[in-house]
Every structure is written in structure tokens, then in C-alpha cells.
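> What follows is a single structure, and I will ask about it in a moment.
The values are calculated or read from the model by the stated rules, or taken from the named source; none is laboratory data. Because the structure is predicted, anything quoted here is derived from the model rather than measured. Quick reminder, even Gly has a Cβ in these numbers, built from the backbone with ideal geometry, and neighbours come from all protein chains shown.
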Amino acid sequence: MATKITDAFWRRYQSIVKNEMLPYQWKVLNDEADICIERERDDSSIPNEKSHAIENFKIAAGQSAGNHYGWVFQDSDVYKWLEAAAYTLENDMDQELKELADKVVDLIGSAQEEDGYLGTYFTIEAPERKFKRLSESHELYCAGHFLEAAVAYYGATENEKAVGMACKLADCIDRHFGKEEGKIRGYDGHEEIEIGLMRLFHLTGEERYLNLSRFFLYERGADNAFFEKQKAEDPNQTPLIQGLDKFPLSYYQVHKPILEQDTAEGHAVRLVYMCTAMADAAEASGDEKLLNVCRKIWRNIVDRRMYITGGIGSTVIGESFTFDYNLPNDTMYCETCASVGLIFFAYQMLRNEIRGEYGDVMERALYNKALAGMALDGKHFFYVNPLEVNPESSRKDPGKSHVKAVRPEWLGCACCPPNLARLLASLNHYVYLKKETTVYSVLFMNCESEFETEKGSLFVRQETEYPYKGTVRFLLRQNGDEELGFAVRIPGWANRYTVEWNGQSVDVKSKDGYIYFRKRFTDDIITLQFDMEIEVWEANPLVRADIGKAAVSRGPFVYCAEGIDNGENLHLLKLDAQAGFRYSYDAQLLGGVGIIKASGYRQVPKPGALYHKMNDLGGETETEITLIPYYAWANRGVNEMRVWMRRKDSAKPFDIPN
Ligand code: FUB
Ligand code: ZN
């Protein structure tokens, strides 16, 4: 499958990746950027003097002297950078970037040990501790990221060196882990190797990598005393990551055997990476049991534990899920990496079963949460993505030190910026999905694609003004005489839509969020018109944090109010959802955004006492409320922000269903 994105909205992001993110991140990884690296929360154990990531490789390779610096998983920043560079080269070959990336591959190769082992911390500081403290070591997590980068690099450049190194590393892991006598029967504290092995399996067809990925998944929670035993046996009792051992087993998704897990527990990134690999392995091996686990966890996330922005992770403690309907807006975590992982999980689910809701969640997380992870300049990043911020609270409330009001230049733990870079650069891999002789559209954007099927090739040109207007046109042309399938996702937010086949209106019923065509396509045009209206949302009343509040969206974008447009104390604003909205596109604002103006009221507090008798609270003045897309917030200085607004009207009473 080859898709070339031509879309103005997304090409802008991809050119930011190429021209801003990659060069900037390269400087940071080389400690050449004159920046302030912020700790992601008030915790003095977070290393924030420098990145040192490239220097760690040089030291491990014997090209430089010194000690390892940074997290034990600092290598993964380099691997994600390389993966983003690979997708960027796939989109637009660039000799200079390719030479730089080749050098990075060479450097990683020089740091790889003879037996295939790769991990600068352990090579430099603690060779005797290799694979001995997996709850904290992130050795397999980093390995997984390298495998992903190597596969992407091969895809872009056909450079076999990186894949050769990846196979050597995977073989090293295969020699050390497994059920056989003398091997380690365990798993990493942070899932990721499972994804990397699946990618390597898809590229090479080597069944051992699929089996190893399945081994790691199935071992999770099979012996949940594994970490404890390893720790007890480790002659060196110094932790690799301070404080990690205080978390419960669910933090690592090892509290139960994998097939018994049915809710989203623990560290959010870990969970969605695990689910991504499970869904991939389920499809590759026809494992219905594994797929059922994915389905249950998916339902739990989407129906009870996901923010309207596509963010996940309700607490800073363990960067974790908490419990059903617990979605606080101002203390949550919603790590950027977690939404990136949710997009991966959703796409793998869609590969297993064609249901529009998977594409809907991809779209929600992509246009809102993921994009919010980065400033419009591509050089400032959020790790944590709040739905409500009061900058004074962030400054003065120690419980909110993780809730930043503006994006830092870099973070002590820099997992998110390169993760976002690799997602944006690889978007062409997520626009469609091909299964047998049918192509399914997943995301809407201008692009051209060529798909090879067993029954000939299919060319598809997609034309749209998405994300601002709801018309999407597909031009389809095939080679070969047999019928091919083409299916289009109907976005969950579209209340109404029309379909035309070569200019004639047709009545096509959707099934699980998709409409289907099976034809011999000869320059045929399918035109869909989704009604892109402004929608007002309420949360399930069990979400305590959102009761009496409303959120506004239009098309794929969730909106928010910022202080710069609406004045201070956004909590005093009440949205009058009945009074209608005004929408306009402002090309000059925030790189071009659709603005929503709403009618509302501002409560005017009565000065004086802290408490008043009811009905003696002061008055309200009419006001216009300005809303901007959530992803664009915090690009105009330090600012209050909120997604969920108090509602002026309470909704009409609902009839209680029989
Ligand atoms: O542990 C590696 C990465 O660092 C995780 O995925 C992020 O949540 C951050 O903790
Ligand atoms: Zn992250």
C-alpha cells in the first residue's frame, strides 16, 4: 500500500516534522540546543540537565568516554527520532537527512554488542545486570523501539543494515527468553518489544518473532511474582528507577493472566502498547481469545475511561487509569504517548474487525489530543494534556505540578516529542486499510494511493476540505477485470450524510459504521457529504467531573475556551447551548482555525464574604464565549483553558427508558 498525502492540513504538520521537529530534536539529543529542559512534575529525581542520548551511544560504542546519563530508557528517544526520520524519508526523500539517519544507524550498530545485545545503560554502567531487573530496566522496551525504527527505515530506504541489527537483537532476546530450560520466563516492565517483534515478523515473515511476541504477551501475569523474584535475586539492590517498585502489579498489567484482563488498568502507555501488540498478534495468528481480551479492554476504555479529547490516564500517580467514569479535568494525566498508543491500538482493532468506531477514536485522539501535544512551532511539547487549566493552580498547588499551562521546550522524560514526530510522519500508513480485495478508508484527507490486491491494483484519489468541511470525494480506478471492494467510514459525529455514485444520489445503508461498494471501478467517483454541524456534548452523568457541563465540537475537533479570548475565571462562564452558535474560519489565527462563538453568561461574584446565602450570590452578565479547537490552545502565552463549560440551561428532563 502506498499513500501519498497531499493535504494542506497534514502536509503542514509533516513539513513541521521534517523542517522543525527532526532538526530541533536532533540538536536536543546531541545537547546542542540552548533550551530549558523542564521536569514533567515536581520530582527532583527526574534527570533534566541534558539529554545525552547520542553521547550515551558514543560512549557505549567506545567513541567517547564518560558515564551514561538520563533515564535507563534514554536510548528510546533516539530510536523514535530515527523512526520519524524514516517515515519522513518515505514521504520526501532528502539526501541530507538520509545521510544523517545512516550515521545514526551506524552509531547504534557500533554500540550493539557482539551477541546482539543493545542498551547503552547496561553496556556502559552495568553489564552484569542485563535482563536481571526487568520491572525497571526497559531493556526490551528500548529494543522494541529499535525494532520499529529499523523496520520503518528499511521501508523508506531499503537499507538492510538496520534490519540486520534488529534481527540480531531479536535473536539475542530469543536466546535469553522463553519457556525452555535455562531461559528467562518473564517479561519487561514496559510493553513495546511485543510491537517491535510483530513489525519484524511482518517484514521478514520469520515465525520465531511472532512466537516470541506471543510468548511475552501470554507470560504477562502468568507468574505475577516474576518481578519480585528477579528483584530478590539481583545482587545489586540499587533501583534502576527510583520509586517504580511502589506501584501495584496492575501498573505493569501483570496483576492477572492476560486472558483474564478485562479492564484498562495501570500505566496508560503500557496498557495501550500491550493492546496494540495483542490485537496485531491476534490477527496474525487467528487468536480469537486474545482478540476478545482486546475487545473487552477497548470497551472499557471507550465507554468509561477515555476523555472527550481522546486522552487517557486519569491520574499522575503512575500515569495511570483509575476507575470507571473517573475523568477529572484538571488533575488527569492524558500523556501524549498514551494517545499515540491509543491510535495504534485502534488501527490494529480495525485490522481485526471493520467497525467505524475504531476509526472514530483514531480521529478523536489524532485531531485533538495528539496534536495538542505540540505547539504550532513544533518545538514545544506537552507531556500531560489537561482539559482544564488555571495557571495559578499549576504554579501553587503541589498536586498540580504536572499540569503545565504552556508547553516546555523539552522534558526530563522526553518520550512524547519523538513519539508525536513518528506518528505525524507515518500518517500515510493509517489513512486506509486493505484486507484481501477490499480497501477501507479510515481517515479523511487529500491523498493519492495505489493498492495491490490479488485481483489487480486499485488507484484511489481522495479529495476533501476536511477537517473544515464535510465533503469527501473518492476517484477509483482499477487494473483488472474482477470486482474490488471499497468501503468508507461514516464518522460517528455525522448526524446525516448523503452518498453519490458518479453524481447520482444513492441510498447505501451503513454496517458497523462503514458503507460498502463492490464493483469494477473505472474512473468512478463516490462523493460523500457529511453534515459538519456544531455539536454540544454532555458526559454520562456518572462522570462526576462533567456534571452540569457541556463540551462543543465541530467535525473531528473538540473545542475549548481560553482566557486570552474570554477573560480570566473561565469557571464563571456559562454556555447557553440553546442560543445557537456562529462558526467562521480565521486563516490568520493560530495557523488557521475554525472559531466558534457561543452565547453565554458570566457570573459576577459578589465581593466580600466567602459564603453567601443562596440566591444572594451576585448577578450574571450576558457575554459571548469564543471557542477554539483544543489542539491549538496554549499557543498564545500563559492562559486559562477549559473544555467542559458550565451550562446555563439544564437539559430538558430525559424520559426514563422502559
Ligand atoms: O517508561 C517509558 C516512558 O516514559 C513511558 O511510556 C512514559 O509514560 C514515560 O514514563
Ligand atoms: Zn510520553
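> Wholly within the stretch 337-442, which helices (runs of 4 or more DSSP H) include no fewer than the required count, namely at least 2 residues that are among the aliphatic types (A, V, I, L, M)? First the steps, then the outcome.
Working: elements: 356-364, 391-396, 416-425.
The qualifying helices (runs of 4 or more DSSP H) are 356-364, 416-425.
> Return the residue satisfying two criteria in turn: it lies in the stretch 121-145 and is more than 14 Å from residue 176 (Cβ to Cβ) and within 26 Å of the chain's Cα centre (by Cα), and of such residues it is farthest from ligand 2 (Cβ to nearest atom).
Among them, the one singled out is 135.
> Here are some residues: 341, 310. Which one is under 15 Å from the mean Cα position of the chain (by Cα), over 28 Å from residue 243 (Cα atoms), within 16 Å of ligand 2 (Cβ to nearest atom) and modelled with pLDDT of 95 or more?
Values: 341 fails: over 28 Å from residue 243 (Cα atoms).
Only one candidate qualifies: 310.
> Checking residue 241 against (1) of a type outside the set (Lys, Arg); (2) under 30 Å from residue 205 (Cα atoms); (3) within 16 Å of ligand 2 (Cβ to nearest atom); (4) surrounded by fewer than 19 Cβ atoms within 10 Å (Cβ to Cβ), only one condition comes out false. Which one?
Going through (1) of a type outside the set (Lys, Arg); (2) under 30 Å from residue 205 (Cα atoms); (3) within 16 Å of ligand 2 (Cβ to nearest atom); (4) surrounded by fewer than 19 Cβ atoms within 10 Å (Cβ to Cβ) one by one, residue 241 breaks only (2).
> Follow-up question, since we're still on this one. Please state which of the following conditions residue 505 fails to meet, knowing it meets all the rest: (1) outside any loop (DSSP other than H, G, I, E, B); (2) touching a strand residue (DSSP E or B) at 6+ places or on another chain (Cβ under 6 Å).
Among (1) outside any loop (DSSP other than H, G, I, E, B); (2) touching a strand residue (DSSP E or B) at 6+ places or on another chain (Cβ under 6 Å), the lone unmet condition for residue 505 is (2).
> Mind listing whichever residues of the stretch 551-577 are closer than 10 Å to residue 645 by Cβ and in a strand (DSSP E or B)?
Listed by number, the residues that qualify are 551, 552, 559, 560, 561, 573, 574, 575.
> Only one of 100, 22, 89 is in a helix (DSSP H, G or I), closer than 30 Å to residue 443 by Cβ, hydrophobic (A, V, I, L, M, F, W, C) and within 20 Å of the chain's Cα centre (by Cα); which? Outline the logic, then answer.
Numbers: 100 fails: within 20 Å of the chain's Cα centre (by Cα); 89 fails: within 20 Å of the chain's Cα centre (by Cα).
After applying the criteria, what remains is 22.
> Quick check on my filter: what residues within the stretch 45-86 are small (Gly, Ala, Ser), within 16 Å of ligand 1 (Cβ to nearest atom) and under 23 Å from the mean Cα position of the chain (by Cα)?
Here is the first cut: in the stretch 45-86, the ones small (Gly, Ala, Ser) are 45, 51, 53, 60-62, 64-66, 70, 76, 84-86.
Filter again for within 16 Å of ligand 1 (Cβ to nearest atom), leaving 45, 51, 53, 70, 76.
Listed by number, the residues that qualify are 51, 53, 76.
> Another question, if that's okay. How many residues does the stretch 148-171 hold that are in a helix (DSSP H, G or I) and either modelled with pLDDT under 95 or within 16 Å of ligand 1 (Cβ to nearest atom) (or both)?
Number satisfying all stated conditions: 2.
> Filter the stretch 133-143 for residues that are assigned to a helix (DSSP H, G or I) and more than 11 Å from ligand 1 (Cβ to nearest atom) and give the result.
Scanning the stretch 133-143 gives 134, 135, 139, 140, 143.
> May I pose another question? How about the stretch 189-239: which of its residues are among the basic types (Lys, Arg) and without any contact (Cβ under 8 Å) to a residue 40 or more places away in the chain? Full working, then the answer.
Of the residues in the stretch 189-239, the ones among the basic types (Lys, Arg) are 199, 208, 214, 220, 229, 231.
If the condition is that a residue be among the basic types (Lys, Arg) and without any contact (Cβ under 8 Å) to a residue 40 or more places away in the chain, then 208, 229 are the ones that fit.
> Would you confirm whether any residue within the stretch 441-464 is farther than 19 Å from residue 348 by Cβ, hydroxyl-bearing (Ser, Thr, Tyr) and crowded, with 22+ Cβ neighbours inside 10 Å?
Checked the stretch 441-464: no residue is farther than 19 Å from residue 348 by Cβ, hydroxyl-bearing (Ser, Thr, Tyr) and crowded, with 22+ Cβ neighbours inside 10 Å.
> Hey, another quick one. Name the one entry in 604, 638 that is surrounded by 11 or more Cβ atoms within 10 Å (Cβ to Cβ), β-branched (Val, Ile, Thr) and modelled with pLDDT under 95.
Details: 638 fails: modelled with pLDDT under 95.
The conditions single out 604.
> Next up: Filter the stretch 250-303 down to residues that are among the acidic types (Asp, Glu) and farther than 15 Å from residue 323 by Cα and give me whichever is farthest from ligand 2 (Cβ to nearest atom). Steps first, please.
We begin by selecting, within the stretch 250-303, every residue among the acidic types (Asp, Glu); these are 260, 262, 265, 280, 283, 287-288, 303.
The next check asks that each one be farther than 15 Å from residue 323 by Cα; those that pass are 260, 280, 283, 287-288.
Working: 260: 28, 280: 21, 283: 26, 287: 29, 288: 32 Å.
For the stretch 250-303, the residue satisfying everything is 288.
> For the stretch 172-180, does any single residue satisfy the condition of being in a helix (DSSP H, G or I), in contact (Cβ under 8 Å) with a residue 12 or more places away in the chain and farther than 17 Å from residue 219 by Cβ?
Looking for residues that are in a helix (DSSP H, G or I), in contact (Cβ under 8 Å) with a residue 12 or more places away in the chain and farther than 17 Å from residue 219 by Cβ, one finds at least one in the stretch 172-180, hence yes.
> Something else about it: Kindly indicate whether any position in the stretch 569-580 is surrounded by 14 or more Cβ atoms within 10 Å (Cβ to Cβ) and more than 22 Å from residue 623 (Cβ to Cβ).
Checking the stretch 569-580: not a single residue is surrounded by 14 or more Cβ atoms within 10 Å (Cβ to Cβ) and more than 22 Å from residue 623 (Cβ to Cβ).
> Taking the stretch 264-317 on its own, how many of its residues are touching a strand residue (DSSP E or B) at 6+ places or on another chain (Cβ under 6 Å), free of Cβ contacts under 8 Å to residues at least 60 places away in the same chain and within 13 Å of ligand 1 (Cβ to nearest atom)?
Final tally of qualifying residues: 3.
> Within the group 498, 527, which residue is surrounded by 17 or more Cβ atoms within 10 Å (Cβ to Cβ), more than 30 Å from residue 304 (Cα to Cα) and either hydroxyl-bearing (Ser, Thr, Tyr) or touching a Gly at 6+ places or on another chain (Cβ under 6 Å) (or both)?
Values: 498 fails: surrounded by 17 or more Cβ atoms within 10 Å (Cβ to Cβ).
Result of the check over 498, 527: 527.
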